[in-house]
Every structure is written in structure tokens, then in C-alpha cells.
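This report refers to the structure that appears directly beneath it.
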Amino acid sequence: MIGDFNEVLCDDDKFGGNHVNLNRALEFKDCLDKCNVVDLGFAGPKFTWTNRRPILSLILERIDRCFANPVWCILYPEALVTHLPRTFSDHCPVLIELCRARVNH
């Protein structure tokens, strides 16, 4: 599963604005556990969404994620998720590569 989940999992997933609602974060985590999926991690910028405000009212969040079940992880052990730089949207594009490029010598 890949996309904008509109929810953070912990305090580290947010900068600025109101405190993380821990009950909502725990409900999200519980849902992921019940679905038997794990976060695939990422490379690139930590936060995937911004409210595009000046620094004093800026909010940044990691709400775009990529999850997979254990079977998928076995099938695609080299999968790599990258948060690309934001351009026009308030979200970062998220790229998933299923296998790494092989270099021939």
C-alpha cells in the first residue's frame, strides 16, 4: 500500500502545529498491525507534506508512506522507497523501486 494516509505514527513524524494525537496514532498503528503490514522506510526528505506557511506557523508531517506484508517483502527484498523533492504540490512524490539497477562491468 502506498499513499497519503493523512495520519502520523509518532511525534517524530511531525514538526510544528498541534501535538500529535496519540490516540489516533495508536489506532493507526493498531490498524497496520491487524493488516500485518510494515513500513518500508524511506530515503530522502523526512517530511512528505507541508502547509507551505512561514517558519513561525510552518507544519511538516510524514503522512505519505509505503507499507507491505511479509510475503511482499520476501518477493521484493531490494525494494527502496524514496521521498523526492517537493515541486508544485504540498506533498513529496514517493518513488518505489522494486529492484536496484545492476551495473555490468
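What to note about this one:
- Of all residues assigned to the stretch 37-52, at least one qualifies as being among the polar types (S, T, N, Q), surrounded by 17 or more Cβ atoms within 10 Å (Cβ to Cβ) and either in contact with a Gly (Cβ under 9 Å, 6 or more places away or on another chain) or at pLDDT 95 or above (or both).
- Of the residues making up the stretch 48-68, those that are assigned to a strand (DSSP E or B) and not small (Gly, Ala, Ser) are TRP49, THR50, LEU60, GLU61, ASP64, ARG65, CYS66, PHE67.
- Any chance HIS83 is surrounded by 10 or more Cβ atoms within 10 Å (Cβ to Cβ) and more than 13 Å from ALA43 (Cβ to Cβ): no
- Check on LYS46, touching a strand residue (DSSP E or B) at 6+ places or on another chain (Cβ under 9 Å), free of Cβ contacts under 8 Å to residues at least 60 places away in the same chain and not β-branched (Val, Ile, Thr): yes
- Members of the stretch 16-50 that are farther than 18 Å from SER89 by Cβ and of a type in the set (Phe, Trp, Tyr): PHE28
- Output for the stretch 69-80, where each listed residue is in contact with an Asp or Glu (Cβ under 9 Å, 6 or more places away or on another chain) and either buried (at least 17 other Cβ atoms within 10 Å of the Cβ) or in a loop (DSSP other than H, G, I, E, B) (or both): GLU78, ALA79
- Pairs where the first residue, in the stretch 57-75, is of a type in the set (Asp, Glu) and the second is in a strand (DSSP E or B), C-beta under 6 Å, 6+ apart: GLU61/LYS14; GLU61/TRP49; ASP64/ASP4; ASP64/HIS91; ASP64/VAL94
- For PHE88, the criteria (1) in contact with a Ser or Thr (Cβ under 9 Å, 6 or more places away or on another chain); (2) modelled with pLDDT under 95; (3) of a type outside the set (Asp, Glu) hold in every case but one, which is (1).
- When residues in the stretch 81-105 are screened for being more than 24 Å from ASP11 (Cα to Cα) and touching a residue at least 40 places away in the same chain (Cβ under 8 Å), 1 of them pass.
The values are calculated or read from the model by the stated rules, or taken from the named source; none is laboratory data. No experiment lies behind these values; they were computed from the predicted model shown. Don't worry about glycine lacking a Cβ; one is built from the backbone with ideal geometry, like all the others, and counts go over all protein chains shown.
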